[in-house]
Amino acid sequence: MNHLPLIIKREYLTKVKNKSFIVMTFLSPLIMIALAAVVAYLSQLNNDKERTISILDETGYLKEVFQNSENTTYTDLTGLSLENAIALVKEKKDYGLLHIASVDVLGDATNKIKFYSEESPSLSVISGLEQKIEKRLKEEKLQKDGVTLAQIEASKTNIEIAQESYDGQKSSKADNVVKLIFGGAAGYLLFMFIIIYGNMIMRSVIEEKTSRIIEVIISSVKPIQLMMGKIIGTSLAGVTQFVIWSILGGVFMFVLGFIFNIDLLAMQTQQQEVAMQTLQDSGMEQRIGEFFIAFQNLPMTNLIIAFLFFFIGGYLLYSSLYAAIGAAVDNETDTQQFMLPILMPLMLAVYVGFFTVIEDPHGTVSTVFSFIPFTSPVVMLMRIPFGVPLWQQGLSLLLLIGTFVFAVWFAAKIYRVGILMYGKKPTYKELFKWLKY
Amino acid sequence: MNDLLVANSVSKNFGKFQALNQVSIAVPKGSIFGLLGPNGAGKTTLIRIINQITMPDQGAVFLDGQPLKPEHVRDIGYLPEERGLYKSMKVGEQCLYLAQLKGLSKTEAKERLKYWFDKLEIGDWWNKKIQELSKGQAQKIQFVVTVLHRPKLLIFDEPFSGFDPINANLIKDEILQLRDEGATVIFSTHRMESVEELCDHIALIHKSNKVLDGKLNDIKRQFKTNTFEVGLESPNKERVFAEIQDKFEVLPATFRNLHDDIKLNIKLGENASPNDLLSFLTSKAEVHHFVEVIPSASDIFIQTVKNN
């Protein structure tokens, strides 16, 4: 008798009809958007803060580089003594005082330029000031050597290395950015999915234990059927939630765009711009074009198929372990000690993914971790956009499936024994013994 | 082939702990079979093996002559001692789900549920959640779910716990009716008075071994001590008492009676007949009370467990 469809249906419907699930599904996009808006507003607020910086320039020619900008006003205090200037700035509650001592600036400028302030100044303010002075001094020095301003201006060059693989595939830095975004999103999505819905599976197993219905159920169905039904049913509920979220997200973006008349494409490009400082000087249109090409350059078929396989494999591997934990304990507070061994490889995968894959997608560390079954789904998903040989993907998938089968066997053993055990929290030693029952 | 369920020297170990050691039982068709034993004796393990929740290490179980196989879950209805229902699921949905897991079709399950809900007068609970019901009410639902698929074999583990006397009686009558309609019942409990009332066969498991089994009456016959409870009236109590004491083994007895008389338990030798005792007594005094002492299930239980 195959009860799996029946169990899946019940698990799915109970999850989907649950009030808190419905509330979360429709509320969290709103919360996310509200949160993003608040963060954006706050950072805007921070940038908008107006500052007054006083300049005491004893060289006489540097102060002209400090032009008032939107947020920063410069006051020229030339003529005052340093002590008076500091006292004045203190009294006016200015942001700070930049003091440039009168020396031969073409010589050694160490310790000749100082910034006085109440609190330690922000890093961006200081580096901004430094850049301005450096530029001016460089021009001054060059002019001393007989180079005209026009010549300096003309000497500026902007280089971008075009990339092409041996078989003639053209690529650019935009490609890498797009790949990173794709791989990162896929890996992170899997990570979130495992944590959210793995926990849900665990809670539903615990619920069956605490409500004492478990023995009634397993006198009708095999525990492994119940476990798989739970995993699949909960995952389908998860997929439903994700689909609703993406639809809601899309609708929100559209509506917002319509209301504020924001060019979505331009907005996206702006975001990507941050990741791509080298392209700052090239034209906007060219950039959009590059991203478009980069997008087309992605190995889409491979990406989608690999995504499906690694996502499902990785998710099932972890969720069967979550189910086993749920079966081993009586209540949620007891799950802590067993959660750690699950979360560790998962966190490791995400860190390895974000730090080493970005650095070198085909380096030793990334390659090794994309084979280890507990980290491979996340790391491999991040690597694939950069092009991974099919044999590597296949081998990694094979290892993952092997481990998955083993994990399900292991989880089913623990599950079978654990669901009928009440009372004290088991130790790892006892769990090991259960395998032999 | 008159036994519905046969377990042949079933053993089960959990690690180093032996839960069952070569236990064999045979449950006759249409009987109510009491599975007794102190806490931790191995009853639940045996019941779980019959339900295919746990696999035996050795031995085999046969249902209707066939070795147990997965399809047999349809033929068994099991009410575990540790029982419960999904708290936040509606009564009707839940019953349908559990019935379908036992192999009933949805329409069939609905029909039968209606019958049972009407019979137990709980029809208006259909759309309630379990958490809105009292414990006794939930137990009723649980009972319905257990018997709904009309299994050949019903296994009840402490079926009356959580019921008030009225509902306990109601459930008891339902069990008896199911038996009369042809079901076989395995009944596990610590309440000896219900064993007395319901069971015609019993098996006693103690420390993983079966120490006793058979028809309840046969067992009682085995355990009887040929003792008779008598109440006598005579003007010379002391003399009569002394004469009886001379001839028989005598213990004081207590029972309710209209007269303030001699109350004794008199134990006869192996071959002595109660008629001899009676004629002896009538010659000495007026006999108001003469009953054979039948060992109760509780006596048998305690005695067997202590001796082992």
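The values are calculated or read from the model by the stated rules, or taken from the named source; none is laboratory data. Because the structure is predicted, anything quoted here is derived from the model rather than measured. With ideal geometry, Cβ positions are generated from the backbone for all residues, glycine too; neighbour counts draw on all protein chains shown.
Quick rundown of the values:
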read-out	value
Filter result for B:Thr189 (closer than 19 Å to B:Val291 by Cβ and either polar (S, T, N, Q) or assigned by TED's automatic domain parsing to the domain that holds B:Ile141 (or both))	no
Residue match in the range A:345-353 (condition: under 22 Å from the mean Cα position of the chain (by Cα), modelled with pLDDT under 85 and at positive phi)	no
Residues of the range A:407-432 that turn out to be without any contact (Cβ under 8 Å) to a residue 12 or more places away in the chain, more than 38 Å from the chain's Cα centre (by Cα) and loosely packed, with under 15 Cβ neighbours inside 10 Å, as a count	1
Checking B:Leu68 against (1) without any contact (Cβ under 8 Å) to a residue 24 or more places away in the chain; (2) within 10 Å of chain A (Cβ to nearest Cβ); (3) under 21 Å from B:Ile186 (Cα atoms), the condition it does not meet	(2)
Residue that is assigned by TED's automatic domain parsing to the domain that holds A:Leu129 and not aliphatic (A, V, I, L, M), where the choices are A:Asn18, A:Asn84, A:Asn2	A:Asn84
Pairs, first closer than 22 Å to A:Gly402 by Cβ in the range A:361-386, second part of a loop (DSSP other than H, G, I, E, B) and hydroxyl-bearing (Ser, Thr, Tyr), C-beta under 8 Å, six or more apart	A:Phe369/A:Thr375; A:Ser376/A:Ser370; A:Val379/A:Ser370; A:Met380/A:Ser370; A:Arg383/A:Ser370
Qualifying strands (runs of 3 or more DSSP E) (wholly inside the range B:201-308; at least 1 residues being free of Cβ contacts under 8 Å to residues at least 24 places away in the same chain and surrounded by 12 or more Cβ atoms within 10 Å (Cβ to Cβ))	B:209-215, B:249-252
Residue that is farthest from the other protein chains (Cβ to nearest Cβ) [pool: residues in the range B:35-65 that are within 15 Å of B:Asp3 (Cβ to Cβ) and aliphatic (A, V, I, L, M)]	B:Ala60
Subset of the range A:117-134 that is in contact (Cβ under 8 Å) with a residue 12 or more places away in the chain and surrounded by 12 or more Cβ atoms within 10 Å (Cβ to Cβ) - its residue that is nearest to the chain's Cα centre (by Cα)	A:Val125
The range A:391-406, residues that are free of Cβ contacts under 8 Å to residues at least 24 places away in the same chain and of a type outside the set (Gly, Ala, Ser)	A:Trp391, A:Leu398, A:Val405, A:Phe406
Filter pass, A:Ile33 being more than 14 Å from chain B (Cβ to nearest Cβ), touching a strand residue (DSSP E or B) at 6+ places or on another chain (Cβ under 9 Å) and of a type in the set (A, V, I, L, M)	no
Subset of the range A:177-215 [within 14 Å of chain B (Cβ to nearest Cβ), in a helix (DSSP H, G or I) and of a type in the set (Gly, Ala, Ser)]	A:Ser204
Some residue of the range A:147-166 being crowded, with 18+ Cβ neighbours inside 10 Å and of a type in the set (Gly, Ala, Ser)	no
Test: B:Thr107 is more than 10 Å from chain A (Cβ to nearest Cβ) and of a type in the set (Ser, Thr, Tyr)	yes
Residues of the range A:216-257 satisfying the condition of being closer than 26 Å to A:Gln337 by Cβ, in contact with a Lys or Arg (Cβ under 7 Å, 6 or more places away or on another chain) and within 14 Å of chain B (Cβ to nearest Cβ)	A:Pro223
Residue in the range A:346-371 that is surrounded by the fewest Cβ atoms within 10 Å (Cβ to Cβ), counting only those that are assigned to a helix (DSSP H, G or I) and polar (S, T, N, Q)	A:Thr364
Positions within the range A:195-215 being buried (at least 20 other Cβ atoms within 10 Å of the Cβ) and either in contact with a strand residue (DSSP E or B) (Cβ under 7 Å, 6 or more places away or on another chain) or basic (Lys, Arg) (or both), in sequence order	A:Lys209
Matching residues in the range A:236-255 - criterion: being modelled with pLDDT of 90 or more and small (Gly, Ala, Ser)	A:Ala237
Identity of the residue in the range B:71-93, more than 29 Å from the chain's Cα centre (by Cα) and at the interface with chain A (Cβ under 9 Å from one of its Cβ atoms), that ends up surrounded by the most Cβ atoms within 10 Å (Cβ to Cβ)	B:Met89
Among residues of the range B:177-189, those that are part of a helix (DSSP H, G or I), touching a residue at least 24 places away in the same chain (Cβ under 8 Å) and more than 21 Å from B:Gly103 (Cα to Cα), counted	1
Positions within the range B:136-169 being among the aliphatic types (A, V, I, L, M), surrounded by 17 or more Cβ atoms within 10 Å (Cβ to Cβ) and assigned to a helix (DSSP H, G or I), in sequence order	B:Ala138, B:Ile141, B:Val144, B:Val145, B:Val147, B:Ala168
Where B:Ile130 falls short, out of the listed (1) crowded, with 20+ Cβ neighbours inside 10 Å; (2) under 27 Å from B:His72 (Cβ atoms)	(2)
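Conditions (1) within 23 Å of B:Val91 (Cα to Cα); (2) hydroxyl-bearing (Ser, Thr, Tyr); (3) over 11 Å from the mean Cα position of the chain (by Cα), marked per residue:
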{"residue": "B:Glu121", "(1), (2), (3)": "yes, no, yes"}
{"residue": "B:Asp124", "(1), (2), (3)": "yes, no, yes"}
{"residue": "B:Lys128", "(1), (2), (3)": "yes, no, yes"}
{"residue": "B:Gln137", "(1), (2), (3)": "yes, no, yes"}
{"residue": "B:Lys140", "(1), (2), (3)": "yes, no, yes"}
{"residue": "B:Leu176", "(1), (2), (3)": "no, no, yes"}
{"residue": "B:Arg191", "(1), (2), (3)": "no, no, no"}
